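What follows is a set of notes on a single structure, which appears directly below.
Derivation of every value follows stated rules applied to the coordinates shown; laboratory data play no part. Keep in mind the model is a prediction, meaning the values are calculated, not measured. Methodologically, a virtual Cβ is constructed for each residue, glycine included, from the backbone with ideal geometry; neighbour enumeration extends over all protein chains shown.
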Amino acid sequence: MNLREEDYLRYIYELSLAYGATHTSQLAKILNIAQSSVVDALDHLNKKHYIVYEKRFQIILTDEGRKEALKSIRKHELAEVLLMNVLGLSWDECDDESMLMEHGITDKIAIAIERITGAKRCPHGNPIPDKNLVIGKIPDTSLLDVTGSCIIFSVVYEDKHILQFLNSVSIFPDTSLIVTGKSDNHLVVDKDNVEITIPIEIAKVIRVTQSI
Ligand SMILES: [Fe+2]
């Protein structure tokens with residue numbers, strides 16, 4: 001994968017949201033890129049004042065870095081909306097495919113996609129930053145924290161394997177679930193009287209709204 005600066009910033013934003021922090025080694029592992037290449041890219045972003053390092057090499061976006069990440073997220077998510085809602089790609093294909101397309105999305109095209117589709121959230125439930133880069137709130141509660149009923153809001157780390165798994169068990173934004181059990185590795189949920197086992201690593205990146 002040949003990542004551009006804006007891709008790195010978007011991943012740092014996403015991973016920080018999903019896991020609370022991003023580290024160089026974690027970024028290299030998740031993106032399947034040599035750590036030396038990630039370090040080079042991050043040094044470049046650091047020189048441009050888009051990121052700073054905190055204790056134990058934790059990567060933090062600066063205000064300017066966050067702004068660039070949100071610009072990239074806007075284009076990426078609107079490309080996903082176009083690919084899924086208009087061109088008919090599947091839920092788990094559109095994230096990967098939008099990686100190339102998003103770089104051709106100009107501000108004018110972004111506004112046109114918004115106008116035609118009316119989309120406010122990407123197919124995976126995450127709010128799309130508006131043209132002023134204002135972004136809606138994502139609930140803080142993850143599926144892992146739930147003890148009873150909940151409604152899926154979004155998948156904050158849009159990894160192909162996670163999306164494929166959720167597609168295979170038909171868990172999408174607005175799906176209602178009841179958490180019925182938990183072990184060290186899995187969460188057990190009930191969806192329309194069907195029992196589904198979800199790996200902890202996947203449950204961790206799913207945000208939900210609690211229902212009563
Ligand atoms: Fe998405």
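Structure summary
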| item | result |
| --- | --- |
| Viscosity 0.692 mPa s, temperature 37 °C, Stokes-Einstein D of the range 72-135 from Kirkwood C-alpha radius, µm²/s | 292 µm²/s |
| Pairwise FRET efficiency - Asn85 versus Lys108, Cβ, R0 = 22 Å, nearest 0.05 | 0.70 |
| Mean Cα-pair separation over length for the chain, i.e. relative contact order, pairs under 8 Å, 6 or more apart, % | 17 percent |
| Trypsin sites (Lys or Arg not before Pro) lying in DSSP loop within the range 78-134, provided at most 12 other Cβ fall within 10 Å | Lys120, Lys131 |
| Pairs from Lys47/Lys71; Lys48/Lys71; Lys47/Lys108; Lys75/Lys191; Lys120/Lys160; Lys48/Lys108 whose Cα-Cα separation, in the structure shown, is over 25 Å | Lys47/Lys108; Lys75/Lys191; Lys48/Lys108 |
| Aspartates and glutamates with Cα under 14 Å of Lys67, excluding same-chain neighbours fewer than 8 positions away | Glu5, Glu6, Asp7, Glu14, Asp130 |
| At R0 = 30 Å, FRET efficiency that the Cβ-Cβ distance of Ser36 and Ile60 yields, to 0.05 | 0.90 |
| In Hz, Karplus ³J(HN,Hα) per residue of the range 11-22 (6.51, -1.76, 1.60; θ = phi - 60°; x = Gly, Pro) | 4, 4, 4, 5, 5, 5, 5, 6, 10, x, 6, 10 |
| Net charge dipole size for the range 72-135 [Lys, Arg +1 and Asp, Glu -1 on Cβ; Debye, nearest 20] | 420 debye |
| Whole-number percent relative contact order across the range 58-181, with pairs defined as alpha carbons under 8 Å at least 6 apart | 25 percent |
| Three-way shape label, the range 5-61, alpha-carbon gyration tensor, a/c 1.5 | rounded |
| Shape category assigned to the range 4-98 from the gyration tensor of Cα positions, a/c cut at 1.5 | prolate |
| Mean residue ellipticity (222 nm) of the chain, computed from DSSP H runs ≥ 4 via -39,500 (n - 2.57), nearest 500 | -12500 deg cm²/dmol |
| Percent RCO, i.e. relative contact order, over the range 72-135, from Cα pairs under 8 Å lying at least 6 residues apart | 43 percent |
| Cα-centred dipole magnitude for the chain, charges only on beta-carbon of K, R (+1) and D, E (-1), debye, nearest 20 | 540 debye |
| Positive-pole candidate from Gly181, Ile198, Ser72, dipole of the chain, charges at beta carbon | Ser72 |
| Cα-centred dipole magnitude for the range 5-61, charges only on beta-carbon of K, R (+1) and D, E (-1), debye, nearest 20 | 200 debye |
